[in-house]
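Enquirer: Okay, here's the structure, questions in a sec.
The values are calculated or read from the model by the stated rules, or taken from the named source; none is laboratory data. A quick note: this is a predicted structure, and the numbers were derived from the prediction, not measured. We place every Cβ from the backbone using ideal geometry, glycine too, and count neighbours over all the protein chains shown. Note: accessible area is taken over every heavy atom of the protein model, side chains too, but ligands, DNA and RNA are not part of it. Shrake-Rupley method; radii C 1.70, N 1.55, O 1.52, S 1.80 Å.
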Amino acid sequence: MRKNIVAGNWKMNKTLQEGIELAKEVNALVAGASLKCDIVLGTPYVHIVDVVKSVDGSKIGVAAQNCADKVSGAYTGEVSASMIKSTGANYVILGHSERRAYYGETNAILKEKTDLALANGLTPIFCIGEVLDEREAGKHFDVVKSQIQEALFHLSAQDFGKIVLAYEPVWAIGTGKTASPEQAQEIHAYIRKTLADKYGDSVANDTSILYGGSCNAGNAKELFANPDVDGGLIGGASLKAADFFAIISAF
Ligand code: PEP
């Protein structure tokens, strides 16, 4: 179902104690607020159990930032989708550009991860987006289309309905450069059209498509005002409760 969502991606930041503190601060800020969006905290694996216990689960969901592409077994250092589900997390961020760039995650690998996330009842927040050269060459539409086609279009319409997409232009992540509201709307509308061509208007219109890339308290309102932008995936600005809450309040 299409919802407004503001999801934080803490990346590899915060000790366990700092993470619990941040989660409690966000929880306190949202406690008295009338919310117009769902909220998700994307924490490192080791924080998940404590963050789940520190927040009101009816208002704040918790996401892992990755999961294994295998079910279980001799994969030292990996964490499976079923393990994540057993912690109380309900989302998993998949295909973040940092995982694609630094850990060799291909669309084929992400297809496996997506299937395992869904099989274990986790909602994937699936990231797509182009690098600067691709944007400058006008290839950004083709890039996001092939990321979606190769990793997600094997899904049934019913399963696709469980996916949240996050469009994150790589040139905007952590750089302070944000896509303009017009750029965001243009490509979000294109993504929705791509979904409609494959699954029909109803699935396309029910899919939440988040924007990510230097989204902050100053630009969130303008970005979220676009008809095809259903919220944000927030990196740097999710690391301080007040900044994150200001973005939540942009709805
Ligand atoms: C991200 O990591 O998904 C992200 C959007 O980061 P930032 O908000 O810091 O650009």
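Enquirer: Express in nm, to one decimal, how much length is gained between Thr15 and Ala196 on full extension, taking 0.36 nm for each residue of separation and deducting their alpha carbon distance.
Expert: Here the answer is 60.9 nm.
Enquirer: Any idea what the alpha-carbon Rg over 2.2 N^0.38 Å comes to for segment 5-248?
Expert: Here the Cα radius of gyration is 0.95 times the empirical estimate.
Enquirer: Okay, next question. Show me, bin by bin at 5 Å from 0, the whole-percent P(r) of segment 1-107 based on Cα pairs.
Expert: Percent of Cα pairs in each bin: 2, 12, 21, 23, 19, 13, 6, 2, 1, 0.
Enquirer: If you don't mind, another one. Which helices, taking whole DSSP H runs in the chain, have alpha carbons extending 27 angstrom or more along the helix axis plus mean Kyte-Doolittle at least 0.0?
Expert: Helices passing the filter in the chain: none found.
Enquirer: Projected area of segment 1-43, taken from the Cα convex hull and averaged over every viewing direction, in nm²?
Expert: That works out to 3.4 nm², a quarter of the Cα hull's surface.
Enquirer: Follow-up question, since we're still on this one. Between Ala28 and Lys221, what is the label-to-label distance in nm when each label sits 7 Å out along the Cα-to-Cβ direction?
Expert: Simple spin-label model gives 2.6 nm for this pair.
Enquirer: Jot down the radius of gyration and Dmax of segment 52-185, Cα atoms only, both in angstrom.
Expert: 15.6, 47
Enquirer: Consider all pairwise Cα distances in segment 106-161 and report the whole-number % of them above 14 Å.
Expert: 56 percent
Enquirer: With runs of 4+ DSSP H residues as the only contributors, calculate the mean residue ellipticity of the chain at 222 nm using -39,500 (n - 2.57) per run, divided by the residue total and rounded to the nearest 500.
Expert: -12000 deg cm²/dmol
Enquirer: Find the all-direction average of the projected area of the Cα convex hull for segment 45-95, expressing the result in square nanometres with one decimal place.
Expert: That works out to 3.7 nm², a quarter of the Cα hull's surface.
Enquirer: Assign unit charges at the C-beta atoms only (+1 for Lys and Arg, -1 for Asp and Glu), then state the dipole size of the chain relative to its Cα centre in Debye, rounded to the nearest 20.
Expert: Result for the chain is approximately 420 debye, rounded to the nearest 20.
Enquirer: Projected onto the charge dipole of the chain (+1 at Lys/Arg Cβ, -1 at Asp/Glu Cβ, origin at the Cα centre), which of Val49, Trp171, Leu132 gives the Cα projection farthest towards the positive end?
Expert: Checked the options; the winner is Val49.
Enquirer: Per 10 Å bin from zero, what fraction in whole % of the C-alpha pairs of segment 133-229 is there, up to the bin with the longest pair?
Expert: That works out to 15, 49, 30, 6, in percent per bin.
Enquirer: I would also like to ask the following. Take the alpha carbon atoms of segment 18-44, find their center, do the same for segment 223-247, and report the distance between the two centers in whole angstrom.
Expert: Segment 18-44 and segment 223-247 have Cα centres spaced 12 Å from each other.
Enquirer: Find how much the distance from Glu136 to Arg2 grows on full extension, using 0.36 nm per residue of separation minus their present alpha carbon separation; answer in nm with one decimal.
Expert: 45.1 nm
Enquirer: Okay, next question. When the Karplus curve 6.51 cos²θ - 1.76 cosθ + 1.60 is applied with θ = phi - 60°, which whole-Hz ³J(HN,Hα) does each residue of segment 81-86 get, with x for Gly and Pro?
Expert: Listing the rounded values in order: 4, 5, 5, 4, 4, 5 Hz.
Enquirer: Which percent of the accessible area of segment 5-248 is formed by carbon and sulfur heavy atoms (probe 1.4 angstrom)?
Expert: The value for segment 5-248 is 52 percent carbon and sulfur by accessible area.
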